[in-house]
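In what follows, a single structure is set out as structure tokens and then discussed.
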Amino acid sequence: MELRLENLTKIFTNKTGTDTRAVDDLSITIESGTLVGLLGPSGCGKSTTLFMIAGLLKPTSGKIFFGDDDVTKLAPEKRGIGLVFQNYALYPHMTVYKNIMFPLENMDVPRDEAIARVKEMANLVGIGTMLDRKPAQLSGGQQQRVAIARALVKKPRVLLLDEPLSNLDARLRLQMREEIKRIQRETGITTVFVTHDQEEAMSISDKMVVLNFGVEQQYAAPQIMYNEPANLFVAKFLGNPPINTLEADIKNGYLMINDQKFMKFNVKDGSYMIGMRPEHFRVAEKNSEEKVKVDIKEIFHVGRDTMIHFELNGQNIRALVDSDSVEDNDNTVELTLRRNRIYIFDKDTGKVIDHD
Ligand SMILES: Nc1ncnc2c1ncn2[C@@H]1O[C@H](COP(=O)(O)OP(=O)(O)OP(=O)(O)O)[C@@H](O)[C@H]1O
Ligand SMILES: [Mg+2]
């Protein structure tokens, strides 16, 4: 089912009367059956957005639609949502079976069907053999699976996950990430997955929303957002190692790097912020005209790649290049990037400036 947010805004007013715009005029449409990652730094409004979708927080203004239903004023239990939080919030005294069954207790689901559903969900999340255990007898990952099964057992219209993997160790987090993706695919349920971890969001999402100070920065598929960031914030938020940024002039139509004409751009002359991802650098062909010669400060071998450090326009820059394209004793190297991998941002607004 499609989930639509229309101009959703949440303003918290504290006792001294100062306002926090936790979510600011957010409008997005989440297509039926997709998994959308809601991503951004701490305090950017991710949980607030999720809680408004769940009905646990009342929007200051704006609307929420589940399909054609305006659910903005509907109580949480009437919305048909499944919720999973960072701390699994299982009932410690109940068995896994009872924990998953719990949401069905007050519903008009026939006993046989309820039992069948509990078993189906337990199998779906891979804990079908642990139904008699108590939560304390499960690992963190297994507990989170129970929480997911419990969220799904009512067959919700929307699944909402708020940092569900943050309490798990790194290895388990990777495994559960794939599991959640699989479960989401198998059930086809429209899902919003909150995380502050860009890599996690990139790997799990069909599409991502990046928020900053409650304001949507971009809504796109992970790879599109990575390769075509809408602004400097998104460019810097995605990627590890992070994107390099430097100030540079465009003079007489040329991007000037280290006082050299680097590349021609159809962007008006002026001073800009430039973004270049470490892995987009390449060692230039001998006869290339669009290249810059740099003094290598350091060389590190990282697996099959080589990381080199150098300066562009006085900024420390890192580039990842093929390990056989530089030698340990090289002092200089000529580098280039494809022109569509050079990002030009307005210095004031941070907005990307399109170029050919
Ligand atoms: N009940 C509240 N009263 C006042 N301010 C609040 C309340 N809840 C959240 N805020 C503020 O709203 C903003 C957004 O908070 P929110 O919890 O949505 O952030 P988040 O993106 O989920 O962050 P995190 O990654 O740390 O969980 C923050 O500035 C926060 O301090
Ligand atoms: Mg949060």
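All of the numbers you see were taken from the coordinates with simple rules; none came from a lab. Note that the coordinates shown come from a computational prediction; the quantities given were computed from them, not determined experimentally. Positions of Cβ are backbone-derived with ideal geometry, glycine not excepted, and every protein chain shown enters the neighbour counts.
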Task: Listed residues Glu120, Glu279, Glu327, most fluctuating in the chain (Gaussian network, C-alpha, under 10 Å) - done: Glu327
Open item on the list: Based only on other Cβ atoms within 10 Å, what is the fewest-to-most ordering of Arg185, Arg282?
Closed with: Arg185, Arg282
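Based only on other Cβ atoms within 10 Å, what is the fewest-to-most ordering of Leu38, Leu56?
Working: Leu38 28, Leu56 14.
So the residues, fewest neighbours to most, are Leu56, Leu38.
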Open item on the list: Between 0 and 90 degrees, rounded to the nearest ten: what's the tilt of helix 140-152 against the longest Cα principal axis of the chain?
Closed with: 60
TODO: Would you mind computing, in nm to one decimal, how far apart the modelled labels at Met94 and Ser139 are, each placed 7 Å from Cα along Cα→Cβ?
DONE: 2.5
- [ ] Just tell me which lysines come within less than 21 Å, Cα to Cα, of Lys181; anything on the same chain fewer than 8 places away is out.
- [x] Lys46, Lys119, Lys154, Lys155, Lys207
Open item on the list: Counting just the Cα atoms, what span does segment 36-159 cover along each of its three principal axes? Round to the nearest Å and put the largest first.
Closed with: 45, 36, 24
Open item on the list: For the chain, take the longest principal axis of its alpha carbons; what is the angle in degrees between that and the long axis of helix 111-124, to the nearest 10 within 0 to 90?
Closed with: 20
Open item on the list: As a footprinting exposure proxy, order Met208, Met52 by other Cβ within 10 Å, with the fewest listed first.
Closed with: Met52, Met208
Open item on the list: Using each residue's phi in segment 74-83, evaluate 6.51 cos²θ - 1.76 cosθ + 1.60 at θ = phi - 60° and report the 3J(HN,Hα) Karplus result to the nearest Hz, with x for Gly and Pro.
Closed with: 7, 5, x, 5, 9, 7, x, 10, x, 10
Open item on the list: Nothing charged except the Cβ atoms of Lys and Arg (+1) and of Asp and Glu (-1): what's the magnitude of the dipole of the chain about its Cα centre? Round to the nearest 20 debye.
Closed with: 1240
- [ ] Determine the gain in length on full extension of the stretch His301-Ile224; use 0.36 nm per residue of separation and subtract their C-alpha separation, reporting nm with one decimal.
- [x] 24.8 nm
Task: segment 270-331-segment 147-201 distance, computed between alpha-carbon centres (Å) - done: 38
TODO: On a 0 to 90° scale, report how tilted helix 170-187 is relative to the longest principal axis of the chain, with both axes built from alpha carbons and the result rounded to the nearest 10.
DONE: 60
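Quick one: plug the Kirkwood hydrodynamic radius of segment 189-327 (C-alpha pairs) into Stokes-Einstein at 20 °C, 1.002 mPa s, and report D in µm²/s.
126
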